[in-house]
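The values are calculated or read from the model by the stated rules, or taken from the named source; none is laboratory data. Everything quoted here is computed from the prediction, not taken from an experiment. Don't worry about glycine lacking a Cβ; one is built from the backbone with ideal geometry, like all the others, and counts go over all protein chains shown.
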Amino acid sequence: MQQEASNLMTDYGHDLLFGTFITPTAMPATHAVDLAIASEQAGLDLVTFQDHPYQAAFHETWTLLSYAASRTERIRLAGNVLNLPLRNPVVLARSIASLDLLSDGRVELGIGTGAFWDAIAAMGGPRRTPGESITALREAIAIAREVWDTSKSGGIWLDGEIYQIQGAKRGPAPAHDVDIWVGAYKPRMLALVGQLADGWLPSLGYLPGGPSDLAQMNARIDKAAEAAGRDPRAIRRMLNINGQFSSTSRGFLNGPPSEWAEQIADTAIDYGISAFILAADDAQTIALFATEVVPRARAIVADRRVLRSEILAAQVSASGGLSR
């Protein structure tokens, strides 16, 4: 019981979100949008798209997000994650706010430092060092929040190491408080998440040790959040997942839907992940995930959260009895 209580304590308590991570394939032209519509019809919470502007076989992601927003009514949308080096932060912030207004508050900002520097440079973008990349992201987050904050008077000024903003006007304000979700893996980036971000958005495929890597990464985020005077529980922990449905168990997210649900619930409770975003490019897989995995995973997590509350209440009661 004591070990079970310890595991339950790693749950940060956020409501669960489930979504899709879609490749922005340009041909057939509407395929990615059709999958966004399928995600909404299946009852999922979120649809996201890769952002690789240097890939000629892909749609430009911001255009795709805008069109997908116009073809859906309920589902939330985000880049996963948007490529900062090829996007001016003031224009990006205005774009986010504009689409959020047009979509009735359904847009979040998923953002990263960028990668594939040869491809970025080939498009006329900057070639940044790791340190410069982190500085650029830190400054861009500050700029975005200033653009959205129309409660302040005057323009936006930043004499930064990467960006120099000289009196840019504020606004428009988005329809809701837009979350900023950051893709991050290494210590300095995880610290930035803890200091500044609303959410952490890594991909399972980039975790060498699989889900067990999440514990150490969470600890870095938590430490940085506390040092910055933030409650670590304010930061949503998310995960892009990939796997294969099969009739027999072959490992993590490689087996029948019922096993997927158990493994997702374990990851939610043991590592605090509250958003699971499935990399899927076909409607059948999306429907199977939404109908066979998501409801069962939600039910398991709900049951375990009730159990956690009972265990913690019992511990408090026992501690109180001892102190008397």
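When segment 139-169 is examined, which residues are found to be charged (D, E, K, R) and either out of contact with any helix residue (DSSP H, G or I) (no Cβ under 6 Å at 6 or more places or on another chain) or at positive phi (or both)? Give the steps one after another, and end with the answer.
Here is the first cut: in segment 139-169, the ones charged (D, E, K, R) are 139, 145-146, 149, 152, 159, 161, 169.
Correct list: Glu139, Arg145, Glu146, Asp149, Lys152, Asp159, Lys169.
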Check: So which residues in segment 226-281 are under 15 Å from the mean Cα position of the chain (by Cα) and among the small types (Gly, Ala, Ser), if there are any at all?
Finding: Ala234, Ala268, Gly272, Ser274, Ala275, Ala279
Notebook entry, point to check: Among the residues of segment 11-59 satisfying the criterion of being part of a loop (DSSP other than H, G, I, E, B) and acidic (Asp, Glu), which is surrounded by the most Cβ atoms within 10 Å (Cβ to Cβ)?
Noted result: Asp51
Check: Are any residues in segment 257-268 of a type outside the set (S, T, N, Q) and either under 30 Å from Val33 (Cβ atoms) or modelled with pLDDT under 95 (or both), and if so, which ones?
Finding: Pro257, Trp260, Ala261, Ile264, Ala268
Checklist line | Tally of residues being in contact with a Pro (Cβ under 6 Å, 6 or more places away or on another chain) and hydrophobic (A, V, I, L, M, F, W, C) across segment 68-121 | finding: 3
Next item on the list: Mind listing just one residue for me: the one in segment 282-311 that is touching a strand residue (DSSP E or B) at 6+ places or on another chain (Cβ under 9 Å) and of a type outside the set (Val, Ile, Thr) and, of those, surrounded by the most Cβ atoms within 10 Å (Cβ to Cβ)?
Entry: Phe289
Item checked: Index of the failed condition, Arg145 passing every other in (1) under 25 Å from Ala275 (Cβ atoms); (2) surrounded by fewer than 22 Cβ atoms within 10 Å (Cβ to Cβ); (3) touching an Asp or Glu at 6+ places or on another chain (Cβ under 7 Å) -> (3)
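So, in segment 185-201, exactly how many residues are buried (at least 20 other Cβ atoms within 10 Å of the Cβ) and free of Cβ contacts under 8 Å to residues at least 40 places away in the same chain? Explain how you work it out, then say what you get.
Within segment 185-201, the subset buried (at least 20 other Cβ atoms within 10 Å of the Cβ) is 189-190, 192-194, 197, 199-201.
The next check asks that each one be free of Cβ contacts under 8 Å to residues at least 40 places away in the same chain; those that pass are 190, 200.
Final tally of qualifying residues: 2.
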Notebook entry, point to check: If you go through segment 79-106 one residue at a time, how many are surrounded by fewer than 21 Cβ atoms within 10 Å (Cβ to Cβ), touching a residue at least 60 places away in the same chain (Cβ under 8 Å) and either part of a helix (DSSP H, G or I) or among the basic types (Lys, Arg) (or both)?
Noted result: 4
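From the set of residues in segment 60-77 that are part of a loop (DSSP other than H, G, I, E, B) and either β-branched (Val, Ile, Thr) or at pLDDT below 95 (or both), which is nearest to the chain's Cα centre (by Cα)? First the steps, then the outcome.
Initially, segment 60-77 is screened for residues part of a loop (DSSP other than H, G, I, E, B), giving 60, 72-75.
Cutting the leftovers down to either β-branched (Val, Ile, Thr) or at pLDDT below 95 (or both) gives us 72, 75.
Numbers: Thr72: 20, Ile75: 15 Å.
The residue in question is Ile75.
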Note to self: When you scan segment 164-173, do you find a residue that is at pLDDT 95 or above and closer than 19 Å to Gly229 by Cβ, even just one?
What the structure shows: no
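Across segment 249-258, what is the number of residues that are in a helix (DSSP H, G or I) and crowded, with 21+ Cβ neighbours inside 10 Å? Steps first, please.
First, the residues of segment 249-258 that are in a helix (DSSP H, G or I): 257-258.
With the extra rule that they be crowded, with 21+ Cβ neighbours inside 10 Å, the set shrinks to none.
Qualifying residue count for the region: 0.
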Next item on the list: Sort out which residues of segment 148-171 are buried (at least 18 other Cβ atoms within 10 Å of the Cβ), farther than 20 Å from Gly114 by Cα and within 25 Å of the chain's Cα centre (by Cα), and write them in order of number.
Entry: Trp148
Note to self: Suppose we keep only residues that are hydroxyl-bearing (Ser, Thr, Tyr) and farther than 17 Å from Ala265 by Cβ within segment 202-217. Which one would you say is surrounded by the fewest Cβ atoms within 10 Å (Cβ to Cβ)?
What the structure shows: Tyr206
